[in-house]
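Before any comments, here is the structure.
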Amino acid sequence: MTVLVFPAAARDLRDMSTRHSWLTLAVLCVTLFVGAVDFTVLNLALPAIEADLVVTPSTRGWILDSYPMTVAALLLTVGALADRVDRKRLWLSGLVLFGLSSLLAVFAGSAALLVAARFGQGIGEALLLASTVAILRASFPDPAKRGTAVGLWTASSSLGAACGPVLGGVLIEQFGWRSAFLINVPIVALAAVFGAVLIIRVPPAAHRSWDVPGSLLSIGVLGLLLYTLNHVTANRWPLTAALLLIVLLGIAAFLVRQRKARVPLVRLQVFASGAFGASMLFIVLSFGSYLAFLLLVAQQWQRGGMDPQTAGFGLVPAALANALGSALAPLLVRRWGQRTVTGFALALLVCGLLLFGLAGAAGNYPALVLLGFGAGTVMSVCTDTVLGHAELARSGEIGALQETVFNLGSAVWLAAASALLTRPFTGTAYAAAVLVAVLAGGGFLLWRGSRWRAVQRRRSCSQATSLASASSSRSPNSCSARRSR
């Protein structure tokens, strides 16, 4: 496939593999870590915020939800934007907006202003995520190096999400809730300076039209879906059912629009690849179950009398195991292959859930380690598989689609976990283990079936080419025509 680039972009891409690629990765990992921390850093801060500001019950939910909801709702639209503008400038714009919004949260004198700051952080983080994937894809064109980079990048995100409650507990206890936002400002400032120097410009590959109706539909549908999931236990069931019906109608309208649009926001054809579709499913299973059971375990510990800060520190082994799995995944893939490593990691994840069912949550650190290592490995391998389907011209779209799946998967699992907090923990763990095992098996059948069809197509093309050569036909056969296209 030929990718059209501007001359300046071509010069940049030739030098990408030798000019500061690993330093660029370090800057990207730091900003991703900070953004991931802000997903969970306020989980322990609400009592302190309510003591300082006038917070109504409805505002309390928006303080926590506005940031992740904004990120997920905007990702598809911002991913399309990342393929049409200079990715470095978009990354810097997102970083500056995230930093300024964090500073606004530090000086927020009302709950409404704090919610507005969280919305601003969400917009900035969406810009960062979409452009980061494009920069990462361009900075590491070699698949082996990109696999290692994706592993480290995924590890930084996992560490940030898991360290959020720990870091938040320490900062809030020592310096107050505003310090959870203030710490972002110097880190963002330093990242902006180093990013401006190290990150190479990644201009758009070509100018393309914008699917405005598709963008509006994606924002509305994703935002409403996340709101419904995050408030599934607070709203009455008729309202939840009505909202879900609207979401389903919106999804149908979005899919119809993407099939008819001349330049769609999301190319639905990419899901024809079994490896791509299976990887998306495995990301949902691993990341969602990992976050959901961190919440469930922390709640179980606190019900047993453990204070929030101690519970946060107790989750550190899971975070470290998750980061280790993400970092080691590329080495394991080179040794045993993608499907073998993914299957083994999913088996570890299921074993961790079963161990929770057998022994409960109290002091069950082996189950946390199995869960963390398995989820981290799966996320790293599958993220690299997804990025492998993204040519540079549309890497923003594929990256945004992947991050949207991350957020929706976690939202679904967390909503289910919140609804099951009153249920027996061991039964929930068994049910989750069965669900992950069944869906993972279906994913591998999808992956294997797609690989078998590809082999059959190659064989038929080879036979057709041999026959054409034997008959000395001058007309190109269908396989040659397909390859030329």
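The values are calculated or read from the model by the stated rules, or taken from the named source; none is laboratory data. This is a predicted model, so every value here is computed, not measured. No Cβ is skipped: glycine too gets one built from the backbone with ideal geometry, and neighbour counts run over all protein chains shown. Note: accessible area is taken over every heavy atom of the protein model, side chains too, but ligands, DNA and RNA are not part of it. Shrake-Rupley method; radii C 1.70, N 1.55, O 1.52, S 1.80 Å.
Which value in nm describes the separation of the simple spin-label points at Ala431 and Ala362, placed 7 Å from the Cα toward the beta carbon?
Those two pseudo-labels are separated by 2.3 nm.
Mind giving me the FRET efficiency for Leu113 and Ala51? R0 is 22 Å, r the Cβ-Cβ distance, nearest 0.05 is fine.
Approximately 0.85, to the nearest 0.05.
If you count only protein heavy atoms with a 1.4 Å probe, what accessible area per residue comes out for the stretch 261-345, rounded to a whole Å²?
It amounts to 40 Å² per residue over the stretch 261-345.
Tell me, what is the percent relative contact order of the stretch 55-166, built from C-alpha pairs under 8 Å that lie six or more residues apart?
Averaging sequence separation for qualifying contacts and normalising by length gives 33 percent for the stretch 55-166.
Once you put a point 7 Å from the Cα of Phe344 and another 7 Å from the Cα of Trp210, both along the Cβ direction, what distance in nm separates them?
Calculated label separation equals 4.7 nm.
Could you check the simple spin-label distance between Leu190 and Asp307, using points 7 Å along Cα→Cβ, in nm with one decimal?
Between Leu190 and Asp307, the label points sit 2.9 nm apart.
Decide, for the stretch 306-366, between rounded, prolate and oblate: order the square roots of the alpha carbon gyration tensor eigenvalues as a ≥ b ≥ c, take rounded if a/c falls under 1.5, and otherwise choose prolate if a/b is larger than b/c, else oblate.
oblate
Please state the shape class of the stretch 219-357: rounded when a/c is under 1.5, otherwise prolate if a/b exceeds b/c and oblate if not, all from the C-alpha gyration tensor.
It comes out oblate by the Cα gyration axes.
Pop out the carbon and sulfur fraction of the accessible area of the stretch 98-231 as a percent, whole number, probe 1.4 Å.
77
Cα-based Rg (one decimal) and Dmax (whole number) for the stretch 25-111, in Å?
Gyration radius and largest Cα-Cα distance of the stretch 25-111: 15.1, 45 Å.
Below 10 angstrom from the Cβ of Val150, what's the summed charge of the other residues (Lys, Arg +1; Asp, Glu -1)?
After counting each charged neighbour, the total is +2.
Which whole-Hz couplings ³J(HN,Hα) result when phi for each residue of the stretch 191-198 is put into the Karplus expression 6.51 cos²θ - 1.76 cosθ + 1.60, θ = phi - 60°, listed in order with x for Gly and Pro?
Working through the residues one at a time gives 4, 5, 5, 5, x, 4, 7, 8 Hz.
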